[in-house]
1. Could you compute how fast the stretch 243-304 diffuses translationally, taking Rh as the Kirkwood radius over C-alpha pairs and applying Stokes-Einstein at 4 °C with viscosity 1.567 mPa s? Give it in µm² per second.
2. As an exercise, take the mean of 1/r over every pair of distinct alpha carbons in the stretch 170-293, invert it, and state the Kirkwood radius in angstroms.
3. Among ASN75, ASN191, ASN102, which one shows the biggest mean-square fluctuation in a GNM of the chain, springs joining Cα atoms closer than 10 Å?
4. For every helix of n ≥ 4 consecutive DSSP H residues, a contribution of -39,500 (n - 2.57) applies; sum these over the chain, divide by its total residues, and give [θ] at 222 nm rounded to the nearest 500 deg cm²/dmol.
5. A 29 angstrom limit on the alpha carbon distance is what I want to check against. Which of LYS249/LYS289; LYS192/LYS268; LYS83/LYS352; LYS307/LYS352; LYS307/LYS344; LYS83/LYS285 exceed it?
6. Which of the trypsin sites (Lys or Arg not before Pro) found in the stretch 187-245 are loop residues per DSSP with 15 or fewer other Cβ atoms within 10 Å of their Cβ?
7. When the accessible area of the stretch 240-295 is split by element with a 1.4 Å probe, what percent falls to carbon and sulfur?
8. Would you mind telling me which residue in ALA81, ALA104, ALA166 has the biggest mean-square fluctuation in a Gaussian network model of the chain, where springs connect alpha carbons within a distance under 10 angstrom?
Amino acid sequence: MSRSKRKWDHIQHALATGQSSNTGLADVAFVHQSLPDAFLDQADLGTSIGELSLSSPIFINAMTGGGGERTVQINRDLALAAKSTGLAMAVGSQMSALKDPNEAESYRVVRRENPRGIIFGNLGSEATIDQAKAAVDMIEADALQIHLNAVQELTMPEGDRDFRGALKRIENIVAHSEVPVVVKEVGFGINKEAASMLASVGVTAIDIGGFGGTNFSRIENARRDRLLTFFDEWGIPTAVSIAEAASLKAGAAVIASGGIRTSNDIAKAIALGAGAAGMAGFFLKVLMKEGLEALIEEINSIHSELKMIMTALGAKSIAELQQSPIIISGRTHHWLNERGIDTKSYSRRTIKK
Ligand code: FNR
């Protein structure tokens, strides 16, 4: 099967399989604050990923490109939504354009539509230093995402089977990259040991890409004859994975993604320790089913709701929201305790002004 056809299949199957809902974020509750001492217009959504300053903690996560005119159109619309709402945006894996320059247009359109926007390039961990540089140059990227997706590759009939040496290649890319490097999963989560290894080679941020949203086992199983259904329930839920990575307090910033759909999901992800939240499948669904204007409206609504949540909690900034007390219960509590991560440090803190 051609790479271009696969890109389109992924979009169709992502829309058809939808997003499951076991992110673990339902196990997280804010401790209500009756004396918030804050007002709505003061709530500041600005955040940073390493040296990159963002006006919103939300970004459009990596999806597409490399699938001909249909993916040009999707990336154009996503870029227009990003421009209109001030969101950063990642393109999908650029390997297809490195292999076939005819596909470069489906990525370049993002920079053309949003010349001053913050745009992330994207490649897999098989990438070489030269490929990483070429991907950044292609779209004048402000950062480069490197995705880790071993379970997706194993489930993909034509996928990779050899995952040796990824950390070393990432280390080399970080050493030679002129832009910050973000390492991400695609929906199976990143545990604290892997996060620690990634931080030790100098990545700027870890996007934990947790379980509970777009499910690449289901998507690839839809393209197989003999199904690997055991991978359908495989992965570290998003809430758990954020707390695992944040527990390191290492140099790398933590980014939340995987099943993020609402302002409340974003607020909880930030309170668990994320500095930003990526959304892919949900934005794709709104765009493909309801169109560009609806997507822009949705993002604007999420922004205003997030400010309301922050105001209710007395958090004026994303940094203050990160200190808001939360109660972690259920399976997420059990998991974190089994992994030696202290949930009381979340429940007994207060926002320091
Ligand atoms: C993706 N994702 C993805 N990630 C990546 O690093 N490179 C890629 O090329 C793609 N391609 C892709 C295509 C489609 C159609 C979807 C929906 C997603 C994964 C994406 O960035 C994200 O990590 C996961 O989808 C989990 O987030 P959501 O979708 O649950 O918000």
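The values are calculated or read from the model by the stated rules, or taken from the named source; none is laboratory data. Every value quoted in this text rests on a predicted model; they were computed, and no experiment measured them. Neighbour counts run over all protein chains shown; Cβ positions are idealised from the backbone, glycine included. Keep in mind that these areas ignore ligands, DNA and RNA; they rest on the heavy atoms of the full protein, side chains included. Shrake-Rupley method; radii C 1.70, N 1.55, O 1.52, S 1.80 Å.
1. The estimated diffusion coefficient comes to 103 µm²/s.
2. By the Kirkwood definition, the hydrodynamic radius is 15.2 Å.
3. Of ASN75, ASN191, ASN102, the Gaussian network model singles out ASN102 as fluctuating most.
4. Mean residue ellipticity, 222 nm, calculated: -13000 deg cm²/dmol.
5. LYS249/LYS289; LYS83/LYS352
6. ARG223, ARG224, ARG226
7. Accessible surface attributable to carbon and sulfur in the stretch 240-295 totals 52 percent.
8. Largest GNM mean-square fluctuation: ALA166.
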